[in-house]
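Accompanying notes for the structure given below.
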Amino acid sequence: MRTTLTSELTNVAGASDEDVRAGLEKSMAHSWMRHDLGWLSGQGGARTADLLEFVWNSYVFPDWPRRRALLERDVTYRAGLLAAYGWPRALQHMSRRSAWVGTDAIRFSDQVAPDRVVGDEGMLFVPVSVSSGSLAVPGAASMARAWSIRHADSPPARTSGRTVPWID
């Protein structure tokens with residue numbers, strides 16, 4: 001991987017309030033809660049970067065060696081399945097609904113929706129270390145499919161007990 005948290009947070013900090021608002025409004029359209037974006041008043045990108053850095057340092061980083069080992073192990077496992085048995089086995093158990101359903105066709109959901117065609121930009125498979133949930137991201141430069149890794153529910157390291165501060 002050729003990126004660092006610092007470079008990513010620098011990009012986030014440089015985002016305009018309009019870009020932050022547009023991204024949050026898109027997410028809020030699918031939320032079951034109402035959210036107030038009144039806090040976006042001049043430094044949305046910088047405040048978002050500060051929050052992400054706080055969450056990383058307080059909650060993710062203390063448990064990162066364990067998470068990273070789990071992520072790397074699952075990627076190696078799936079790559080081995082792909083090499084030895086092909087896509088059908090590599091997709092098996094990626095999610096409850098993932099399946100190889102025909103020549104060059106993968107099903108990720110039972111929802112009725114138009115098929116998406118993966119073009120020359122390819123498709124990213126993104127492992128995540130949460131115990132449930134997945135995400136497909138259409139409309140980006142390339143499509144991405146996140147999946148919960150095996151053994152993601154093993155106990156995490158203890159955190160400092162700090163809570164994430166509310167954005168004022």
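The values are calculated or read from the model by the stated rules, or taken from the named source; none is laboratory data. Not measured: the values here are computed from a predicted model. So basically every Cβ, Gly included, is an ideal-geometry build from the backbone, and we count neighbours across all protein chains shown. These area figures cover heavy atoms from the full protein model, side chains too; ligands, DNA and RNA do not enter into them. Shrake-Rupley method; radii C 1.70, N 1.55, O 1.52, S 1.80 Å.
One line per residue, one yes/no per condition, for (1) within 21 Å of Pro127 (Cα to Cα); (2) touching a strand residue (DSSP E or B) at 6+ places or on another chain (Cβ under 9 Å); (3) hydrophobic (A, V, I, L, M, F, W, C):
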{"residue": "Glu8", "(1), (2), (3)": "yes, no, no"}
{"residue": "Val20", "(1), (2), (3)": "no, no, yes"}
{"residue": "Lys26", "(1), (2), (3)": "no, no, no"}
{"residue": "Thr48", "(1), (2), (3)": "no, no, no"}
{"residue": "Tyr59", "(1), (2), (3)": "yes, no, no"}
{"residue": "Arg67", "(1), (2), (3)": "yes, no, no"}
{"residue": "Leu70", "(1), (2), (3)": "yes, yes, yes"}
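Scan the range 135-149 and tell me whether some residue there is modelled with pLDDT of 80 or more, surrounded by 14 or more Cβ atoms within 10 Å (Cβ to Cβ) and among the charged types (D, E, K, R).
There is no residue in the range 135-149 that is modelled with pLDDT of 80 or more, surrounded by 14 or more Cβ atoms within 10 Å (Cβ to Cβ) and among the charged types (D, E, K, R).
Please identify the pairs in which a residue from the range 17-39 that is within 16 Å of Leu51 (Cα to Cα) has its Cβ atom under 7 Å from the Cβ atom of a residue that is in a loop (DSSP other than H, G, I, E, B) and open to solvent by 60 Å² or more (accessible area, probe 1.4 Å), counting only partners at least 6 apart or on another chain.
Trp39/Ile167; Trp39/Asp168
Any residue in the range 52-63 that is within 13 Å of Thr6 (Cβ to Cβ) sitting within a Cβ distance under 7 Å of a residue that is open to solvent by less than 50 Å² (accessible area, probe 1.4 Å) and among the β-branched types (Val, Ile, Thr)? List the pairs, counting only those 6 or more apart or interchain.
Filtered contacts from the range 52-63: Leu52/Val12.
Could you grab me the full set of residues in the range 74-97 that are in contact (Cβ under 8 Å) with a residue 60 or more places away in the chain and either part of a strand (DSSP E or B) or open to solvent by 80 Å² or more (accessible area, probe 1.4 Å) (or both)?
Residue satisfying the conditions is Tyr77 alone.
Could you identify the single residue in Trp100, Trp64, Trp32 that is at pLDDT below 90, within 23 Å of Ala146 (Cα to Cα), assigned to a helix (DSSP H, G or I) and of a type in the set (Phe, Trp, Tyr)?
Trp64
Of all residues being in contact with a Lys or Arg (Cβ under 9 Å, 6 or more places away or on another chain) and of a type in the set (A, V, I, L, M) in the range 42-73, which is least open to solvent (accessible area, probe 1.4 Å)? Just the residue, please.
That would be Leu70.
For the range 1-29, how many residues are among the hydrophobic types (A, V, I, L, M, F, W, C), open to solvent by 60 Å² or more (accessible area, probe 1.4 Å) and assigned to a loop (DSSP other than H, G, I, E, B)?
Of the residues in that region, 2 qualify.
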